[in-house]
Amino acid sequence: MNKDARKIKFAVLGQGHIGKRHAEMVRRNPETELIAVCDVQTKDKLGLNDLTEKFYNTPGELFAAHPEVEVVSVCTPNGLHASQSLLALEANKHVVIEKPLALHRQDCEQLIFKALQMHKQVFCVMQNRYSPPSVWMKEIVDSKIIGDVYMVQLNCYWNRDERYYKKGGWKGTQELDGGTLFTQFSHWIDLLYWLFGDITDIQAKFADFNHKDLTEFEDSGFVNFNFINGGMGSINFSTSVWDKNLESSITVIGSNGSVKVGGQYMDKVEHCHIKDYVLPELAETAPANDYGAYKGSANNHHFLIQNVVDTLKGRNTITTNALEGLKVVDIIERIYSLKK
């Protein structure tokens with residue numbers, strides 16, 4: 001059989017909202033095949049009684065039963081990403097890891113070492129890189145259309161209340177969730193790093209306004225820093241917005257002009273004023289992932305699955321590699337190290 005005609009076989013660990021989305025994107029791609037899924041809960045509780053693929057309660061059972069699986073998507077709680085990804089790598093699988101890659105830099109380093117040892121790829125899920133405004137910003141920054149970067153402000157103001165933080169669940173726990181910057185806003189910190197590079201000279205203030213009975217960590221913060229590549233920046237974030245998300249926006253002041261990409265999910269160009277430049281017409285951004293009472297980042301997971309296929313078949317390179325995933329974790333960990 002022609003190598004490019006083969007279907008790449010997937011398994012998905014975790015069948016919550018995002019795990020089900022991964023499974024569905026694999027089912028829809030003509031070059032992939034979903035072999036099995038795994039979750040600690042029962043098929044009945046997960047609403048998977050009509051599932052046609054194999055179902056397992058532990059990764060070990062799944063890996064033992066299906067040596068043919070080539071790629072494992074890890075869509076379990078944040079605090080399990082590192083250990084379960086290591087199991088998959090040791091079972092000789094490529095790994096797709098939902099954000100964040102892990103909750104500690106040292107765990108990311110261990111994953112990268114194991115992947116190199118096993119000659120396997122690690123794909124990090126940072127699907128907002130595929131949004132047309134993000135692609136456009138990358139172009140105007142990298143090509144210096146906006147000139148030297150002076151200032152960058154990232155604002156993330158969302159709602160996450162008792163509808164999201166269910167009693168007895170993993171969300172809101174320090175061990176499995178890790179914090180607001182890991183679970184809610186690591187996508188945007190990834191974009192910040194992707195566009196402008198690493199940060200230094202970090203200062204931060206944190207507050208817990210109305211989540212004391214819901215989470216074991218902060219719900220809001222102000223962070224400011226310098227970019228190693230030049231210019232300064234800030235991250236202002238909160239999950240204390242009443243009832244629904246307010247915005248996710250990024251404002252850039254450069255020597256040749258200024259831009260702001262905003263909306264609830266950084267999905268529209270709200271301002272573009274650059275010397276001798278006309279904003280091109282951008283493709284429409286995918287809608288946000290809809291979880292009922294709340295919404296998340298752009299629904300771009302089909303691009304991610306296609307990138308896995310294209311990378312493994314030698315047509316393209318990884319959109320977000322493991323080292324980039326490590327840098328996002330490293331930045332968040334350095335920010336959180338300033339908590340008093």
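The values are calculated or read from the model by the stated rules, or taken from the named source; none is laboratory data. Source: prediction; values computed, not measured. FYI the Cβ positions are ideal-geometry reconstructions off the backbone, even for glycines, and counts take in every protein chain you see.
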From the option list 123, 182, single residue qualifying as touching a strand residue (DSSP E or B) at 6+ places or on another chain (Cβ under 8 Å), of a type in the set (Phe, Trp, Tyr), at pLDDT 95 or above and within 27 Å of residue 41 (Cα to Cα) is 123
When you scan segment 1-78 for helices (runs of 4 or more DSSP H) that lie fully inside it, which ones turn up with 1 or more residues that are modelled with pLDDT of 95 or more and more than 16 Å from residue 304 (Cβ to Cβ)? 43-46, 59-65
For segment 84-94, indicate whether the set of residues that are charged (D, E, K, R), closer than 15 Å to residue 325 by Cα and surrounded by fewer than 20 Cβ atoms within 10 Å (Cβ to Cβ) is non-empty. no
Per the filter on segment 172-189, residues part of a helix (DSSP H, G or I), closer than 14 Å to residue 98 by Cα and aliphatic (A, V, I, L, M) are none
Residue 98 - would you say it is charged (D, E, K, R) and either touching an Asp or Glu at 6+ places or on another chain (Cβ under 6 Å) or under 18 Å from residue 318 (Cα atoms) (or both)? yes
Of all residues in segment 26-47, which are in contact (Cβ under 8 Å) with a residue 40 or more places away in the chain and more than 11 Å from residue 73 (Cα to Cα)? 28, 29, 31, 32
Please work out which residue is surrounded by the fewest Cβ atoms within 10 Å (Cβ to Cβ), limiting yourself to segment 312-326 and to residues that are more than 14 Å from residue 102 (Cβ to Cβ) and of a type in the set (A, V, I, L, M, F, W, C). 318
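Among residues belonging to segment 203-238 that are among the acidic types (Asp, Glu) and touching a residue at least 24 places away in the same chain (Cβ under 8 Å), point out the one that is farthest from residue 262 (Cα to Cα). Lay out the reasoning, then the answer.
Just the residues of segment 203-238 that are among the acidic types (Asp, Glu), to begin with: 208, 213, 216, 218-219.
Add one more test, that the residue is touching a residue at least 24 places away in the same chain (Cβ under 8 Å), and what stays is 216, 218-219.
On the way: 216: 29, 218: 24, 219: 21 Å.
Checked segment 203-238; the qualifying residue farthest from residue 262 (Cα to Cα) is 216.
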All positions within segment 285-303 that are outside any strand (DSSP E or B) and either modelled with pLDDT of 95 or more or polar (S, T, N, Q) (or both): 285, 299, 300
Selected residue (criterion: surrounded by the most Cβ atoms within 10 Å (Cβ to Cβ)) from residues of segment 134-170 that are among the basic types (Lys, Arg) and under 30 Å from residue 75 (Cβ atoms): 160
Looking at segment 32-52, which of its residues are crowded, with 18+ Cβ neighbours inside 10 Å and closer than 20 Å to residue 8 by Cβ? 32, 34, 35, 36, 37, 38
Checked segment 105-115 for anything surrounded by fewer than 24 Cβ atoms within 10 Å (Cβ to Cβ) and either basic (Lys, Arg) or under 15 Å from the mean Cα position of the chain (by Cα) (or both); matches are 105, 114
Residue pairs within 8 Å by beta carbon, gap of at least six or interchain, first lying in segment 272-286 and acidic (Asp, Glu), second surrounded by 10 or more Cβ atoms within 10 Å (Cβ to Cβ), listed first then second, are 284/132
Any residue at all in segment 177-192 that's touching a Pro at 6+ places or on another chain (Cβ under 8 Å) and charged (D, E, K, R)? yes
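Yes/no per residue for (1) in contact (Cβ under 8 Å) with a residue 12 or more places away in the chain; (2) in the same structural domain as residue 279 (by TED's automatic domain parsing):
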{"residue": "49", "(1), (2)": "no, no"}
{"residue": "52", "(1), (2)": "no, no"}
{"residue": "56", "(1), (2)": "yes, no"}
{"residue": "72", "(1), (2)": "yes, no"}
{"residue": "89", "(1), (2)": "yes, no"}
{"residue": "92", "(1), (2)": "yes, no"}
{"residue": "107", "(1), (2)": "yes, no"}
{"residue": "137", "(1), (2)": "yes, yes"}
{"residue": "146", "(1), (2)": "yes, yes"}
